[in-house]
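Enquirer: After the structure tokens below, expect a handful of questions from me.
A short reminder: the numbers here are calculations on the coordinates, not readings from a lab. Source: prediction; values computed, not measured. With ideal geometry, Cβ positions are generated from the backbone for all residues, glycine too; neighbour counts draw on all protein chains shown.
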Amino acid sequence: VVSTETARIVGYEALVRWEHPERGAISPSEFIPVAEDCGLIETIGEWVLRTACLEAANWPKNVRVAVNVSPIQFANPALPAIVTNAIAKAGIHASRLELEITEGVFLDGSKSTDSMFKSLKGIGVRLALDDFGTGYSSLGYLKSAPFDKIKIDQSFVRGAAIDGSRNAAIIKAIVNLASSLNMETTAEGVETQDEIELIRELGCSHIQGYVYGKPARAELVRTALNEGNGAATISGYRVSREQRTKLFRTAMLEVAGERGEVRIRNISATGAMIDGIEFGRDPQSVTLSIELLEGDLMPARVRWAKDGRAGIEFAERFDITRLNSAVDPAKARRAG
């Protein structure tokens, strides 16, 4: 988790993986539902909480650890005692532990929910509302629950930097809501550098996602924190792009009045990857047209080029469903 203001690491989220002796690493999306059905989720959850706190004790004191708490765990009256014990054994300050809670804890609407929130806040831990906007989304939750942070679900972040997306407006509304309630915000699932810039411009306080690296083992995190200066390293793509469809299709390309055949490897509404052409030393300066449909030339520009392949960006959006029934223009020309 990285601060948008300082670009420094302020926390990590604890993610559990099952290292199966035969199947290898198993995602929590596979085994957590089974653990809930078998009545093991509270045991696993307590182990994750204790382990995460012990690991955080090895980090700089300004770095927090976030742990997910399931609705089943939240309903356990012993949870405050379990949290207190985990913090005490690890020897960390309560404010360094952030419990991530989903909207599912509000479903029963009982008074015990309010009592649990009060008990946890009394300990001094931080509370975050996870996956905001994907569940039942009653604003009454924010009025009654003492959250310190709202985590904006990645479904709103994904594609937010693409022209025409409404996601940026939704993110801005959530940020404004959180700010008025004195809550921080974390944008989840950020994968590209232009998304970082957008999230920062929208006023979100924190960023989490693959743009700063994929999940790492505890020992690697410990080493990075203790040997580094806390600055986050960007590793994601520079710009966002829409979901691409794999495609093997020929097309005619026109560059400086000359035409030639290229192969399309994948395509989206905003661009494509092609091969079978070299663009020289300065490919980004090249303007071209591509004939995706017979007789229909679309202006485009080169975004990158390497080893006979190139990524091109269309001058305007293209409806790729039109390719489903269309005849390949290059093949049609050869047949004629």
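Enquirer: For the chain, what is the calculated [θ] at 222 nm in deg cm²/dmol (nearest 500), taking -39500 (n - 2.57) for each run of four or more DSSP H residues and dividing by its residue count?
Expert: Details: 11 runs with 105 residues, N = 336.
Mean residue ellipticity at 222 nm (helix-derived): -9000 deg cm²/dmol.
Enquirer: When DSSP assigns beta bridges and you keep just the ones with both residues in the chain, what percent turn out antiparallel, to the nearest 5? Let's see the in-between values first.
Expert: Numbers: 40 of 62 bridges.
So the antiparallel bridges amount to about 65 percent of the total.
Enquirer: Report the extension gain between Ser180 and Ser3 in nm, rounded to one decimal, defined as 0.36 nm multiplied by the number of residues separating them, less their alpha carbon distance. Display every interim value, and only then the final one.
Expert: On the way: separation 177, 0.36 × 177 = 63.72 nm, distance 1.93 nm.
Extra length available between Ser180 and Ser3 comes to 61.8 nm.
Enquirer: Could I ask something else about it? At 0.36 nm per residue, and after removing the present C-alpha to C-alpha distance, how many nm does the segment from Ser155 to Arg244 gain when stretched out fully?
Expert: Details: separation 89, 0.36 × 89 = 32.04 nm, distance 1.70 nm.
30.3 nm is the gain from fully extending Ser155 to Arg244.
Enquirer: Separate question: Which residue, Glu19, Glu261, Glu197, has the most motion in a Gaussian network model of the chain that connects Cα atoms within less than 10 Å?
Expert: With Cα springs under 10 Å in the chain, the top fluctuation among Glu19, Glu261, Glu197 is at Glu19.
Enquirer: Evaluate the distance, in nm, between pseudo-label points positioned 7 Å from the Cα of Trp47 and of Arg200 along their respective Cα→Cβ axes.
Expert: Once both label points are built, they end up 4.1 nm from each other.
Enquirer: Next question. Among Lys246/Lys306; Lys214/Lys246; Lys172/Lys246; Lys89/Lys151, which pairs are too far apart, with a Cα-Cα distance over 23 Å? Could the numbers behind the result be given before it?
Expert: Details: Lys246/Lys306 19 Å; Lys214/Lys246 25 Å; Lys172/Lys246 33 Å; Lys89/Lys151 28 Å.
Flagged as over cut-off: Lys214/Lys246; Lys172/Lys246; Lys89/Lys151.
Enquirer: So for each of 217-225, 112-120, 21-29, 6-14 I average, over its residues, the number of other beta carbons within 10 Å; can you give me the resulting order with the highest mean first? Could the numbers behind the result be given before it?
Expert: Values: 217-225: 13.8, 112-120: 16.1, 21-29: 9.1, 6-14: 18.1.
For the peptides 217-225, 112-120, 21-29, 6-14, the packing ranking is 6-14, 112-120, 217-225, 21-29.
Enquirer: Still on this structure: Among (1) 63, 51, 38; (2) 79, 44, 44; (3) 57, 45, 38, which is the computed Cα extents along the principal axes in Å?
Expert: Here the calculated entry is (2).
Enquirer: Among Leu288, Leu142, Leu181, which one shows the biggest mean-square fluctuation in a GNM of the chain, springs joining Cα atoms closer than 10 Å?
Expert: Leu288
Enquirer: On to the next question. What is the distance in Å between the Cα centroid of the stretch 310-325 and that of the stretch 7-64?
Expert: The stretch 310-325 and the stretch 7-64 have Cα centres spaced 42 Å from each other.
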